[in-house]
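Asker: Have a look at this one before I ask anything.
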Amino acid sequence: MAGSIQSGRTEPSVGGRADEAPTGGTRWLISAGLLLPVTFVMSMDRAAMTAAAPVIQKELEFSVTQMSVILTAFWWAYALFQVPGGLVTRRFGPRRTLALAGLWWSVFTFVTPYGVVFLGFVVIRAVLGIGQAADWPASVFTLHRWFPQREQSRANSLLLCGLYLGNVVGTPLVVWIMTSFGWHQVFHLFAAVGAVLALLWWWQVRDEPREHPRISAAEVRYIESGRGVDEIERRAELPWRAFFGSGQFWAIGAQYACLLLIQGFFATWLPTYLVEARGLSLKQMGWLGALPWVAMLIGVFGVGALNDRLVRRWSSRIRLAAAGYLAAATFLVLGALTASVPWMMLFLCLSLGSVGMVQVQVWAACQDLGGEHSATVTGWTNLCGNLMSAAGPLFTGILVGIGGDWLLALMILAVAGVLGAGCWFFVHPERPLRTGTVPSNVTP
């Protein structure tokens with residue numbers, strides 16, 4: 001992502017300059033071949049419970065309230081353990097952390113059908129959330145170490161693709177498996193795939209590129225030449241006051257809370273909105289509801305490539321993030337106001353696509369702001385966002401009840417977009433937390 005800190009090391013080497021991209025790339029195999037599938041399967045574990053919830057509720061005779069507690073137990077645990085997940089990643093390294101976390105959540109995905117009673121399901125889902133909490137900090141930290149800053153936006157786009165691809169294909173795939181083999185087998189299948197990927201991660205990945213047995217010397221030089229951080233500073237410890245005493249540390253968490261409040265509408269309430277407020281059939285809702293997520297993937301990949309190739313100054317990226325927020329808010333309101341279903345879907349697609357524009361900048365900022373402490377910054381940011389993910393659906397439901405329709409709720413979400421845009425002007429990733437100053441090799 002970053003690209004904002006230009007390499008200060010351009011030592012010549014045999015076969016080309018250190019900052020010349022080598023052919024092939026172990027780093028891309030790790031990003032596209034491992035991180036993307038790991039994140040995709042993790043998102044499918046979540047989709048499995050959401051899609052199977054009506055069947056589980058009916059079969060085990062849970063009330064609506066009990067089922068709501070079961071579903072949200074995961075998200076509260078996932079959110080609250082984001083910072084501990086970042087600290088564990090920092091202490092033990094992303095290779096060990098993500099491998100163990102993958103085995104952890106695979107085991108508890110497998111045993112999910114055997115919760116039997118209400119409390120059993122709550123405990124299993126909460127423990128599953130604790131295991132998955134380490135995934136995002138470990139993944140972002142891996143990309144920080146394995147990619148020069150000039151390529152990190154594209155690498156992060158692949159990571160985001162794995163996460164959001166689950167929203168496009170998750171529900172149809174889970175429903176097909178349930179109808180073909182039974183709902184128990186959904187959890188067994190994803191658990192088995194997750195365990196295999198965790199073992200592959202341990203086998204194929206190393207914490208540092210130079211430790212990998214099959215990477216070329218040219219690729220190691222290329223990666224390390226683009227980090228822009230020396231070895232002594234990279235290993236320096238930071239006291240907690242360096243984090244909590246930084247205004248931009250709070251600002252990046254606040255903006256992500258605003259972002260996931262908007263994104264949470266699409267993830268949780270969009271199907272209900274399309275059916276109840278717009279009168280669509282379940283069949284129509286099924287394929288129309290996936291279109292905004294396709295738009296989000298387009299936004300993620302488009303801005304990822306734009307960042308790495310053209311928008312390398314953080315001053316420009318901050319404006320792009322703020323513009324994405326304002327566009328998301330504007331198109332959300334336009335979608336709510338229009339009476340035409342085709343125009344509504346176009347506006348909603350543009351709204352979530354704009355959210356994707358911001359998502360790329362968020363993780364770029366975490367990597368540049370935190371440097372070797374990016375796992376901690378990522379965990380904090382994800383904590384703020386996912387606390388809002390857990391509380392946001394309830395908040396939106398209350399607003400719908402107060403207003404009697406959906407317009408009030410969507411207007412409030414648009415206000416969150418404006419606030420999120422404002423937060424970005426207090427974020428300065430070109431001034432890393434490790435120093436509190438602008439390094440000499442930064443182009444602000």
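The values are calculated or read from the model by the stated rules, or taken from the named source; none is laboratory data. All values derive from a computational prediction rather than experimental measurement. Every residue, glycine among them, receives a Cβ derived from its backbone with ideal geometry; neighbour counts consider all protein chains shown.
Asker: Give just the number: which of (1) out of contact with any Lys or Arg (no Cβ under 7 Å at 6 or more places or on another chain); (2) surrounded by 20 or more Cβ atoms within 10 Å (Cβ to Cβ); (3) among the hydroxyl-bearing types (Ser, Thr, Tyr) does residue 65 not satisfy?
Answerer: (2)
Asker: Also, quick follow-up: Check 47, 99 and return the single one that is more than 25 Å from residue 369 (Cβ to Cβ), modelled with pLDDT under 85, part of a helix (DSSP H, G or I) and among the small types (Gly, Ala, Ser).
Answerer: Within the list 47, 99, the selection yields 47.
Asker: Out of (1) over 30 Å from residue 60 (Cα atoms); (2) touching a residue at least 12 places away in the same chain (Cβ under 8 Å), the odd one out for residue 186 is which?
Answerer: (1)
Asker: Here's another thing I want to ask about it. Pick from 90, 154: which is more than 15 Å from the chain's Cα centre (by Cα), farther than 18 Å from residue 193 by Cβ and among the basic types (Lys, Arg)?
Answerer: Values: 154 fails: more than 15 Å from the chain's Cα centre (by Cα).
So the residue among 90, 154 that is more than 15 Å from the chain's Cα centre (by Cα), farther than 18 Å from residue 193 by Cβ and among the basic types (Lys, Arg) is 90.
Asker: Residues being among the aromatic types (Phe, Trp, Tyr) and at pLDDT 75 or above: count how many of those fall in the range 355-401.
Answerer: Going through the range 355-401 one residue at a time, the tally reaches 2.
Asker: Can I ask one more? Output the residue which, of all residues in the range 413-443 that are surrounded by fewer than 16 Cβ atoms within 10 Å (Cβ to Cβ) and more than 23 Å from the chain's Cα centre (by Cα), is modelled with the highest pLDDT.
Answerer: By that ranking, first place goes to 435.
Asker: Still on this structure: Of 168, 186, 193, which residue is within 28 Å of residue 294 (Cα to Cα), hydrophobic (A, V, I, L, M, F, W, C), over 22 Å from the mean Cα position of the chain (by Cα) and not assigned by TED's automatic domain parsing to the domain that holds residue 370?
Answerer: Only one candidate qualifies: 186.
Asker: Do the conditions hold for residue 168, that is, is it of a type outside the set (Lys, Arg), modelled with pLDDT under 85 and not in a helix (DSSP H, G or I)?
Answerer: no
Asker: So in the range 221-234, with the set limited to residues that are surrounded by fewer than 19 Cβ atoms within 10 Å (Cβ to Cβ) and not acidic (Asp, Glu), which one is modelled with the lowest pLDDT?
Answerer: Looking at the filtered set, the residue picked out is 232.
Asker: Still on this model: Evaluate the following for residue 54: is it within 17 Å of the chain's Cα centre (by Cα) and either at pLDDT below 80 or part of a helix (DSSP H, G or I) (or both)?
Answerer: The answer is no for residue 54.
Asker: Further, regarding this structure: Go through (1) at pLDDT 70 or above; (2) farther than 23 Å from residue 325 by Cα; (3) assigned to a helix (DSSP H, G or I) one by one and return the number of the condition residue 279 breaks.
Answerer: (3)
Asker: Within the range 284-293, is there a residue that is of a type outside the set (A, V, I, L, M), assigned to a helix (DSSP H, G or I) and within 21 Å of the chain's Cα centre (by Cα)?
Answerer: The initial filter retains those residues of the range 284-293 that are of a type outside the set (A, V, I, L, M), namely 284, 286-287, 289, 292-293.
Adding the requirement that they be assigned to a helix (DSSP H, G or I) leaves 284, 286-287, 292-293.
Those left that are additionally within 21 Å of the chain's Cα centre (by Cα): 292-293.
Yes.
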